[in-house]
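Trainee: Please find one structure pasted underneath; my questions will follow.
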Amino acid sequence: MRHRLFTVLSGNVLQCVKSNVSTNIDHAAVRNISIYLYPLQAGHSKWANIRHIKAAKDGQKSALFAKIARQLRLAIQDGGSADPALNSELKSVIDEALRKNMPMASIQNNLKKFTASKTQLKKYRLDVRFKQKVFMVLTVYTDNFAQLKMDLSTALRKGGAVQIDAGHLFEDFGLIQAYLDKVHFKSAAELEDRATEDAIECGAEDVEVMDGEAGAVNFICKPEGINGVRKAFENKGYVVHNTEHIYTPLNTVTLTPDEKVAYEKFVDKLKEIQGIEDVYDNVEMEE
């Protein structure tokens, strides 16, 4: 694990504090931030938990295009334009849709449909307990919450689940996944230095270099500030290809084979409900 301790002055002046540097600093105007570029092993790090959750979510392809369509609609809604040249968030979603093999014709049809739409999607969080053991956080985007609640109530009743408050069982983060062009760094070590300094200046709380050669970097920030942090990174030359509000459990449970089968069937039923974007849970993930 590589550790760097930075000092951020009140005037946004960044200094790297080393053991041989004088500590003649006005502590009233200074706060210290510890950045861990290389986290602990899997199971002991929020980065490991996030990687596992992302891998599991990215592997769920059944409703992928419906999810991308909602993301296109949200990007138009938040960015105020259906022109990717004027809406960087929309451009990022389109690029990601193409990487996921969504046909350009489908993308264009969605853009036309959502541009003409007068209703707006709203985001909701719903917490669920399944069979006394599994706790879940559902991220929902819908323009008809009453209908979604009716559909969800039916699925919960049939699946043996109930709505509860599970907020104290999860930790949430704003996750920003980005690339920095190689013109901005000459080596993986230089990318680490650049990404760490930019993380502090842009308001991120943690950073992990995913690929030092390709310039792939992940950042963590407070969920409520994710849009502003994203724009700050884009202004510094990063190409952001994904941002999301992600939840990780504080503790996990292990399911028996029969429990796992029942739970997976329940999740499949939830994902059939229009508007359910992501499902997070406290189930121990297999390596």
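The values are calculated or read from the model by the stated rules, or taken from the named source; none is laboratory data. The structure displayed is predicted, hence computed values, not measured ones. Counting neighbours? That spans all protein chains shown, and the Cβs are built from the backbone with ideal geometry, glycine included. Accessible surface areas use protein heavy atoms only, side chains included; no ligands, DNA or RNA. Shrake-Rupley method; radii C 1.70, N 1.55, O 1.52, S 1.80 Å.
Trainee: How many Å² of accessible area per residue for segment 240-287, probe 1.4 Å?
Mentor: Accessible surface, normalised per residue, equals 56 Å².
Trainee: Also, I was wondering about something else. Quick one: what do you get for segment 196-241 if you divide its Cα Rg by 2.2 N^0.38 Å?
Mentor: 1.06
Trainee: I'd like the accessible area for residue 168: 1.4 Å probe, protein heavy atoms, all chains in place, Å² to the nearest 10.
Mentor: Accessible area of residue 168: about 130 Å².
Trainee: Give the Rg/Rh ratio for segment 155-287, taking Rg as the radius of gyration of the Cα atoms and Rh as the Kirkwood radius, to two decimals.
Mentor: 1.09
Trainee: Let me ask you something else. For the residue pair residue 210 and residue 231, what label-to-label distance in nm results when each label sits 7 Å from Cα along the Cα-to-beta-carbon direction?
Mentor: Result: 2.4 nm between the two label points.
Trainee: Using only the alpha-carbon atoms, what does segment 115-171 span along each of its principal axes? Please give whole angstrom values in decreasing order.
Mentor: 44, 29, 13
Trainee: Per residue, what accessible area does segment 82-142 have, given a 1.4 Å probe and all protein chains present, in Å²?
Mentor: 56 Å²
Trainee: While we're looking at this one, here's another question. Quick check: with the 1.4 Å probe, what order do 72, 64 take by accessible area, largest first?
Mentor: 64, 72
Trainee: To continue, here is another question. Could you tell me what percent of the accessible area of segment 200-265 is made up of carbon and sulfur, with a 1.4 Å probe and every protein chain present?
Mentor: 51 percent
Trainee: Tell me, what ³J(HN,Hα) does each residue in segment 74-79 have, in order and in whole Hz, if you take phi through Karplus 6.51 cos²θ - 1.76 cosθ + 1.60 with θ = phi - 60° and put x for Gly and Pro?
Mentor: 5, 5, 5, 5, 7, x
Trainee: Roughly how many percent of the accessible protein surface of segment 101-157 is carbon and sulfur, given a 1.4 Å probe and a whole-percent answer?
Mentor: 51 percent
Trainee: Moving on to the next point. State whether segment 86-204 is rounded, prolate or oblate according to the following rule on the C-alpha gyration tensor (a ≥ b ≥ c being the square roots of its eigenvalues): a/c under 1.5 gives rounded; otherwise a/b larger than b/c gives prolate, and the remaining case gives oblate.
Mentor: Oblate, because a/c is 1.5 or more while a/b does not exceed b/c.
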